[in-house]
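The values are calculated or read from the model by the stated rules, or taken from the named source; none is laboratory data. If you're wondering where the values come from, they're calculated on a predicted model, not measured in any experiment. Every residue, glycine among them, receives a Cβ derived from its backbone with ideal geometry; neighbour counts consider all protein chains shown.
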């Protein structure tokens, strides 16, 4: 500046001496919102060059809401301090106006001045894996291809092709599978297997195209990206930026319009000449339909839709406001996210460690980022009227079966669902049915039985899925194999409708309720509980442990129970065989561990 005539030699000397004594204070340093300030500076240098920014006397008006910024910084700093015992050392947050793209708050770390973990590094623009927080993009792609919020997907253990790697077998965050779920339930509860199935159905390339168009700048649908992320994309297999996620999901909040992030409202030079001034003339670019945006926001703002995982009174619910929210945690617990929006604000939070080390424990996406997000979104909404997500004209509502998602029928439990006009379910329900069975043996009634009124009506489920990768498996249907395996553990006879007509023999349907499949039994006394769905009298039921008969029940009614004492530590197998008074026989087995866990590793948490 001295060389250009702005200051004298004495002023330069005095300034250098002052700078030698400057120390950056903890937390915020010598100025407020330091990460945002340097973000703005970077944008100015891109437009005007470093010299003009350094020496040009620019006067810059930014989008920052300083009160909200201070509240967001306090939330990050204070909440991270509470969970340091979980090896969570850092966090960041972004708050935007989805209608304008204006950045209202940007917290790049918990403490700008802390050198122990490089507090000056801006995590809002860093590359991190999003975990389940990316799932809305997969289901949005599904909506574009005609799938609906009521479409039923089977949440069962399923193998997917791994390309040049071993087959890919994702699991849910808690290791459990829930059988038939709708898209609303699958996305709301952040279930992993249905998400991978949806990605398989809609295609990786199309999903990446959706993500890139929405604003995920690191997910361009190139061949390299596709080979790198594969089917794990929908569970967070690609790297994204927190700022990009806030930009992308602002389209859900803004009726399908994406607004580019804006940090600068006005720039004038040292003569007062306006160099640039922000004008939000069009409210963004339409990257998805209003109807698609509404349905995703409807699902993610529905407390009932996420009740299985989060409960109906979770910290994700904001009293007095309709807030859509999605959490995510990566497989090795290196990244934890919460991003949520209303029609007037979108807020995203990330927590983790700059050096990419794993956190000790983050339960269901709630312990880490969510408390910070909750504090910030409440502050952002303070004093503002409640806004609902506006229902577009192209949205229709109808009653659907709670299980199958088809139109409500036969008095089965039903609920209301939203559809994009023209995608409502049509035709008879092939999944959830009423069937006619003989009063005597519970098999399918013949026309003669029906004519003589010798039948009862029973509820039944027919659960079938086609495997889009069947050709890769040599014709095998791995999706159905997973369903059939899940069905074997279900005791409810509705899941096992008869296939034979009255008067023919049929295998017994046996369920081993205890011990559960691949469960761990503590102690060396193993309780065995057997349930059999059969209208006939049972002649005998035999129980075997590792091939050795342990007990034979003569007759009796379901259930049958026995405790086998002194079972050695290790992996064991129970076999059960039975015969009824009609000569029908059946068998079932279950493997389990005694004082030894199974080694299945859960997939990313919600």
Review point. Just wondering, is there one or more residues in the stretch 398-415 that are surrounded by fewer than 14 Cβ atoms within 10 Å (Cβ to Cβ) and within 21 Å of residue 289 (Cβ to Cβ)?
Key: no
Query raised in the report: In this structure, does residue 124 turn out to be buried (at least 21 other Cβ atoms within 10 Å of the Cβ), part of a helix (DSSP H, G or I) and out of contact with any strand residue (DSSP E or B) (no Cβ under 9 Å at 6 or more places or on another chain)?
Result: no
Only unsatisfied item for residue 228, checking (1) at pLDDT below 95; (2) farther than 21 Å from residue 326 by Cα; (3) in contact with a strand residue (DSSP E or B) (Cβ under 8 Å, 6 or more places away or on another chain), is (3)
Only one of 328, 284, 272, 311 is touching a helix residue (DSSP H, G or I) at 6+ places or on another chain (Cβ under 9 Å) and surrounded by fewer than 23 Cβ atoms within 10 Å (Cβ to Cβ), namely 284
Within the stretch 147-177, the residues that are assigned to a loop (DSSP other than H, G, I, E, B) and closer than 15 Å to residue 468 by Cα are 158, 159, 161, 162, 163, 167
Residue pairs within 7 Å by beta carbon, gap of at least six or interchain, first lying in the stretch 532-549 and at positive phi, second at pLDDT 90 or above, listed first then second, are 546/572; 546/573
All conditions in (1) in contact (Cβ under 8 Å) with a residue 60 or more places away in the chain; (2) within 23 Å of residue 145 (Cβ to Cβ) are true of residue 401 except (1)
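Condition check ((1) over 22 Å from residue 143 (Cβ atoms); (2) more than 30 Å from the chain's Cα centre (by Cα); (3) in contact (Cβ under 8 Å) with a residue 60 or more places away in the chain) across all residues:
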| position | (1), (2), (3) |
| --- | --- |
| 391 | no, no, yes |
| 412 | yes, no, no |
| 422 | no, no, no |
| 428 | yes, yes, no |
| 436 | yes, yes, no |
| 444 | yes, yes, no |
| 450 | yes, yes, no |
| 458 | yes, yes, no |
With the first residue restricted to the stretch 479-491 and required to be without any contact (Cβ under 8 Å) to a residue 60 or more places away in the chain, and the second required to be part of a helix (DSSP H, G or I), Cβ contacts under 6 Å at 6 or more apart or on different chains are 487/495
Do we have residue 60 as within 19 Å of residue 274 (Cβ to Cβ) and either assigned to a helix (DSSP H, G or I) or in contact with a helix residue (DSSP H, G or I) (Cβ under 7 Å, 6 or more places away or on another chain) (or both) here?
-> yes
Going by the conditions given, is residue 79 assigned by TED's automatic domain parsing to the domain that holds residue 374 and either at pLDDT 95 or above or farther than 17 Å from residue 349 by Cβ (or both)?
yes
Checking 521, 567 in turn, the sole residue that is over 30 Å from residue 232 (Cα atoms), within 36 Å of the chain's Cα centre (by Cα) and at pLDDT 85 or above turns out to be 521
